[in-house]
Amino acid sequence: MEKSIEQLDMDQFLTEIRIVDLRSREKHPDEMWWEMKFSYAFKKMLGHLLKWFWAGRGNYNGHGPHHLAKVAWYALHIMEMEKNFMANDDRPHSKNPMSLKFVENVAKTIFDK
């Protein structure tokens, strides 16, 4: 049987992201989201990505949302922050134009083997 993109269950994936959203809203006060810096959201997103990739962990012992659902949620949250909360933008690029070159070199070192 040939595989196609239509076989992906996007509703299931979006439901997991929604669960992450609901749990985050229950866990943290509203003020936290308004004051969150880009670097904090990025750190959390990267942490979940690293747990999934290098530790081989999908979720916590079979309980809770998948790490990649958390990565997707943080990516969407960062997109929202970029659109509406630029005052919280503490990304290094805003201070150092060489940051992109550094990131490209790190990515090349890690993934181009």
### Matching residues in segment 37-79 - criterion: being more than 11 Å from the chain's Cα centre (by Cα), of a type outside the set (Lys, Arg) and farther than 23 Å from Val103 by Cα
Gly56, Gly58, Asn59, Tyr60, Asn61, Gly62, His63, Gly64, Pro65, His66
### Query
Of all residues in segment 90-101 being farther than 26 Å from Trp34 by Cα and part of a loop (DSSP other than H, G, I, E, B), which is modelled with the highest pLDDT?
Met98
### Query
In the set Glu31, Glu80, Glu104, Glu16, which member is exposed (fewer than 15 other Cβ atoms within 10 Å of the Cβ), modelled with pLDDT of 85 or more and either among the charged types (D, E, K, R) or not in a helix (DSSP H, G or I) (or both)?
Glu80
## Note on the structure
Contact list, first residue from segment 102-113 and touching a residue at least 24 places away in the same chain (Cβ under 8 Å) and on the phi > 0 side of the Ramachandran plot, second anywhere and of a type in the set (D, E, K, R) and surrounded by 10 or more Cβ atoms within 10 Å (Cβ to Cβ), beta-carbon distance below 8 Å, six or more apart or interchain, is none
### Message
If Ala87 meets every condition in (1) at pLDDT below 85; (2) in a helix (DSSP H, G or I); (3) among the hydrophobic types (A, V, I, L, M, F, W, C); (4) exposed (fewer than 11 other Cβ atoms within 10 Å of the Cβ) apart from one, which number is that one?
### Response
(1)
### Query
Can you find a residue in segment 53-73 that is more than 19 Å from Leu14 (Cα to Cα), at pLDDT 75 or above and of a type in the set (Phe, Trp, Tyr)?
yes
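The values are calculated or read from the model by the stated rules, or taken from the named source; none is laboratory data. From a predicted model like this one, the values you see are computed outputs, not experimental measurements. Here the Cβ is made from the backbone with ideal geometry for all residues, glycine too, and neighbour counts use every protein chain on show.
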